[in-house]
Amino acid sequence: MSKVLVIAEHLDGKLNASTARAVSAAVAVKPEVIDVVVLSDAPEVVAAEAAKIVGVSKVLTVARVENAHALAAILAPQIAKLAAGYTHVFAPSTTFGKDVAPRVAALLGVSQVSDVMSVEAARRFTRPIYAGNAIVTVEADASSVVVATIRTASWPAAASTGAAAVEAVAIDVALPTHTRFVGLQQGKSDRPDLQSASKVVSGGRGVGSKENFEIIYKFADRIGAAVGASRAAVDAGYVPNEMQVGQTGKIIAPELYMAIGISGAIQHLTGIKDAGTIVAINKDAEAPIFEVADLGLVGDLFKILPELEQAL
Amino acid sequence: MKILVGYKRVVDYNVRIQVKADGMGVVTDGVKLSANPFDDIALEEALRLREKGLAEEVVVVTIGSADLTAHLRNGLAMGANRAIHVQTGDAVSPLTAARVFLKLAEKEQPGLFILGKQAIDDDANQTGQMLAALWDRPQATFASKVELTDGKAVVTREVDSGLETIEADLPAVITTDLRLNEPRFIKLPDIMKAKSKPIEVIELATLGVDAANHVTTTHYAAPAKRSKGAMVKDAAELVAALKQKGLL
Ligand SMILES: Cc1cc2nc3c(=O)[nH]c(=O)nc-3n(C[C@H](O)[C@H](O)[C@H](O)COP(=O)(O)OP(=O)(O)OC[C@H]3O[C@@H](n4cnc5c(N)ncnc54)[C@H](O)[C@@H]3O)c2cc1C
Ligand SMILES: Nc1ncnc2c1ncn2[C@@H]1O[C@H](COP(=O)(O)O)[C@@H](O)[C@H]1O
């Protein structure tokens with residue numbers, strides 16, 4: 001029988017929604033046990049949130065001052081030690097999970113399965129390669145621990161109406177001092193979170209400047225959407241990096257995705273292929289984005305966006 | 001200080017890869033191959049550190065088939081001092097690559113390993129983290145800025161919540177994100193110069209590396225296609241369509 005350990009992602013005392021998505025993937029393994037581990041200097045509040053995720057058997061807390069910031073070099077030895085009692089270790093495929101999970105896998109001497117899209121059997125999964133242009137089925141050895149990151153856009157968040165027990169555990173392992181946290185510059189925004197929003201409006205190079213991006217923010221606020229961007233828009237300095245959608249940015253699955261002044265490069269499309277409805281607004285009728293858009297409108301975004309606001 | 005750079009050859013990022021009809025792989029015959037874009041960025045960063053006097057030697061490393069010599073020459077033409085070619089006819093998993101890099105770390109004693117954050121063929125995003133774990137050294141993944149001072153690296157990392165800065169004692173492993181730098185173009189005279197730079201060939205089998213694969217790929221499939229939808233003629237029609245779908 002399988003026992004899954006899910007590594008909770010959290011920041012500033014808040015559980016990240018990706019954790020409940022990783023739990024959904026754990027449920028699909030049909031295991032006997034799903035435990036969530038919260039590593040933190042003060043894990044209580046996050047653990048209480050994690051305990052509500054339906055499907056979770058137990059929440060384990062590991063409180064150490066060294067865990068104040070999520071440094072892979074510090075967390076990995078603790079997770080690897082804890083993994084001994086489990087058949088699977090899952091982490092969300094966010095920058096947090098991508099950073100720490102391979103370090104855990106290497107300490108356990110196993111390969112990792114990255115970006116799990118579906119669970120076919122306890123040790124059989126599908127995952128994307130070549131920017132999502134091919135989907136492979138992979139099978140993990142029966143003898144080894146399965147370490148995997150879960151492609152969050154492929155999984156719904158498990159409901160939060162549960163009440164699992166919380167248990168503090170002590171993990172006796174020496175931690176390195178060679179890696180130190182210096183600071184985190186967070187994009188402060190009152191808008192919905194890009195990774196979990198049901199509506200996302202993204203702007204690309206076609207928006208033309210940082211100042212012009214206001215028109216995207218304004219429209220997004222009007223419909224209550226999160227704001228994203230193409231890599232070209234980030235590279236040009238119109239918006240900060242955490243807004244990038246795509247192969248090397250965030251992979252998202254909102255109900256509505258509006259691509260405005262975005263050409264539709266394969267690396268961008270990788271990030272939105274699970275979106276419910278894709279709307280494209282582009283002045284070039286030949287733009288590849290129209291090949292995948294459910295609704296397309298050819299024209300100048302600076303003319304169309306005010307018209308859209310009018311029509312709302 | 002010596003810097004070792006992971007330099008993998010992959011299918012060029014502009015190629016739209018096709019899955020073979022029998023589901024046993026992807027079509028790579030006659031397809032354009034290039035250095036992994038993140039590895040070009042890794043090499044560029046290493047060269048800049050050398051040009052600033054912070055490193056003496058930059059070594060590009062590739063692990064793979066015997067036909068990678070021309071690929072390594074590109075890295076040498078870009079400016080690496082020398083190359084190491086660890087040869088194997090087998091597919092190389094991230095864990096195996098990390099174990100090979102560890103052997104090279106022991107042999108070459110580099111101050112820094114710079115790898116790409118992911119190879120755009122397997123999209124694994126694992127090797128750098130695995131190497132750092134096996135080597136018991138710091139990792140600074142998804143780097144968008146690197147500063148070296150007093151035996152440590154101060155690295156800005158692109159994370160989901162913004163930009164994180166960490167400090168890592170050297171030796172360390174850094175993996176590159178796209179905005180770290182823009183790789184230089186190779187100039188013709190440099191291609192000539194690269195011809196005389198050394199490439200050391202090591203058979204993977206001689207390194208005593210456990211190349212066991214715990215994860216096997218059993219099938220390849222094309223992704224579910226999104227089909228082209230409808231075009232609307234103006235803003236009013238778009239809003240009406242979205243309202244009808246219950247999205248506005
Ligand atoms: C390894 C790798 C990883 C990458 N990862 C990502 C990623 O994660 N995310 C990502 O987005 N990209 C990524 N890219 C980059 C990607 O290949 C494209 O370069 C990028 O997506 C282009 O962004 P864009 O569509 O905004 O710009 P462009 O391709 O320049 O398109 C701009 C569009 O705006 C339209 N336009 C211009 N003016 C107007 C106007 N007034 N009104 C309406 N339309 C207008 C134009 O017709 C054009 O179609 C990656 C590339 C590589 C090599
Ligand atoms: N076979 C290889 N040869 C050279 N470098 C490699 C190889 N495999 C992985 N790497 C390095 O590790 C990085 C991450 O690869 P991956 O973990 O496969 O996504 C790449 O960008 C390379 O820098």
* Asked: Out of (1) facing another protein chain (nearest Cβ under 7 Å); (2) touching a Lys or Arg at 6+ places or on another chain (Cβ under 6 Å), what's the single condition that is false for B:THR156?
  -> (1)
* Structure fact -> For helices (runs of 4 or more DSSP H) lying entirely in region A:6-120, having 3 or more residues that are under 30 Å from B:ALA221 (Cα atoms) and within 14 Å of chain B (Cβ to nearest Cβ) picks out A:18-28, A:95-108
* Hey, A:ASN241 hits all of (1) at the interface with chain B (Cβ under 7 Å from one of its Cβ atoms); (2) under 24 Å from A:ARG127 (Cα atoms); (3) within 21 Å of the chain's Cα centre (by Cα) but one; which does it fall short on? -> (2)
* To do: Would you check if there is a residue in region A:181-194 being open to solvent by less than 30 Å² (accessible area, probe 1.4 Å) and under 17 Å from A:THR95 (Cα atoms)?
  => yes
* Asked: Which pairs do you get when a residue that is closer than 15 Å to B:ASP121 by Cα, found in region B:1-14, comes within reach of a residue that is among the polar types (S, T, N, Q) and surrounded by fewer than 21 Cβ atoms within 10 Å (Cβ to Cβ), reach meaning Cβ atoms under 6 angstrom, with the pair 6+ apart or on two chains?
  -> B:ASP12/B:SER34
* Asked: Just one of the numbered conditions (1) within 11 Å of another protein chain (Cβ to nearest Cβ); (2) open to solvent by 40 Å² or more (accessible area, probe 1.4 Å); (3) among the aliphatic types (A, V, I, L, M) is not true of B:MET130; which one?
  -> (2)
* What residue, among those in region B:234-248 that are part of a loop (DSSP other than H, G, I, E, B) and facing another protein chain (nearest Cβ under 8 Å), is least open to solvent (accessible area, probe 1.4 Å)? -> B:LEU247
* Asked: Taking region A:97-132, which residues are touching a residue at least 40 places away in the same chain (Cβ under 8 Å), open to solvent by 30 Å² or more (accessible area, probe 1.4 Å) and not small (Gly, Ala, Ser)?
  -> A:LYS98
* Could you please find all residues in region A:286-303 being within 9 Å of ligand 1 (Cβ to nearest atom) and at the interface with chain B (Cβ under 9 Å from one of its Cβ atoms)? => A:VAL298, A:GLY299, A:LYS303
* Taking region B:65-94 as the region of interest, how many residues are out of contact with any helix residue (DSSP H, G or I) (no Cβ under 6 Å at 6 or more places or on another chain) and within 17 Å of B:GLY128 (Cα to Cα)? -> 2
* Structure fact -> Residue pairs qualifying under the 6 Å Cβ cut-off, at least six apart or on distinct chains, with the first in region A:1-12 being over 14 Å from A:GLU49 (Cα atoms) and the second being open to solvent by less than 70 Å² (accessible area, probe 1.4 Å) and among the charged types (D, E, K, R), are A:LEU5/A:ASP35
* Structure fact -> Of the residues in region B:194-233, those that are of a type outside the set (D, E, K, R), surrounded by fewer than 14 Cβ atoms within 10 Å (Cβ to Cβ) and either under 30 Å from A:GLN310 (Cα atoms) or over 36 Å from the mean Cα position of the chain (by Cα) (or both) come to B:SER227, B:ALA230
* To do: Could you give me the residue pairs with C-beta distances under 6 Å whose first residue belongs to region A:186-199 and is farther than 13 Å from A:MET243 by Cβ, whose second residue is charged (D, E, K, R) wherever it lies, and which are 6+ apart or on separate chains?
  => A:SER198/A:GLU255
* To do: Find the residue count for region A:221-267, including only residues that are more than 11 Å from ligand 1 (Cβ to nearest atom), touching a Ser or Thr at 6+ places or on another chain (Cβ under 6 Å) and over 23 Å from A:LYS303 (Cβ atoms).
  => 2
* For region A:228-310, please list each of the helices (runs of 4 or more DSSP H) lying entirely inside it that holds at least 1 residues being open to solvent by 30 Å² or more (accessible area, probe 1.4 Å) and within 16 Å of ligand 2 (Cβ to nearest atom). => A:266-269
* Asked: If you scan region B:133-145, which residues turn out to be over 28 Å from B:LEU33 (Cβ atoms) and either open to solvent by 20 Å² or more (accessible area, probe 1.4 Å) or more than 10 Å from every other protein chain (Cβ to nearest Cβ) (or both)?
  -> B:LEU134, B:TRP135, B:ASP136, B:ARG137, B:LYS145
* **Spans of strands (runs of 3 or more DSSP E) in region B:162-210 with at least 3 residues at pLDDT 95 or above and in contact with a His (Cβ under 9 Å, 6 or more places away or on another chain)** => B:162-169, B:199-203
* Asked: Do you know which of the residues in region B:95-116 that are open to solvent by 20 Å² or more (accessible area, probe 1.4 Å) and in contact with a helix residue (DSSP H, G or I) (Cβ under 7 Å, 6 or more places away or on another chain) is nearest to ligand 2 (Cβ to nearest atom)?
  -> B:ARG99
* To do: Would you mind telling me which numbered condition in (1) more than 23 Å from A:VAL100 (Cβ to Cβ); (2) open to solvent by less than 50 Å² (accessible area, probe 1.4 Å); (3) within 16 Å of ligand 1 (Cβ to nearest atom); (4) out of contact with any strand residue (DSSP E or B) (no Cβ under 6 Å at 6 or more places or on another chain) A:GLY162 fails?
  => (3)
* Structure fact -> If we ask which residues in region B:61-73 are surrounded by 21 or more Cβ atoms within 10 Å (Cβ to Cβ) and away from ligand 2 (no atom under 13 Å from the Cβ), their number turns out to be 0
* Asked: Just one of B:LEU148, B:LEU170, B:LEU163 is facing another protein chain (nearest Cβ under 7 Å), among the aliphatic types (A, V, I, L, M) and open to solvent by 10 Å² or more (accessible area, probe 1.4 Å); which is it?
  -> B:LEU163
* To do: Quickly run through region A:162-195 and pick out the residues that are under 20 Å from B:LEU163 (Cβ atoms) and assigned to a strand (DSSP E or B).
  => A:THR179, A:ARG180, A:PHE181, A:VAL182, A:GLY183, A:LEU184, A:GLN185, A:GLN186
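The values are calculated or read from the model by the stated rules, or taken from the named source; none is laboratory data. Because the structure is predicted, anything quoted here is derived from the model rather than measured. Neighbour counts are summed over all protein chains in view; Cβ atoms, including those assigned to glycine, are modelled from backbone coordinates with ideal geometry. Accessible surface is based on the protein model in full, side chains and every heavy atom, while ligands, DNA and RNA are left aside. Shrake-Rupley method; radii C 1.70, N 1.55, O 1.52, S 1.80 Å.
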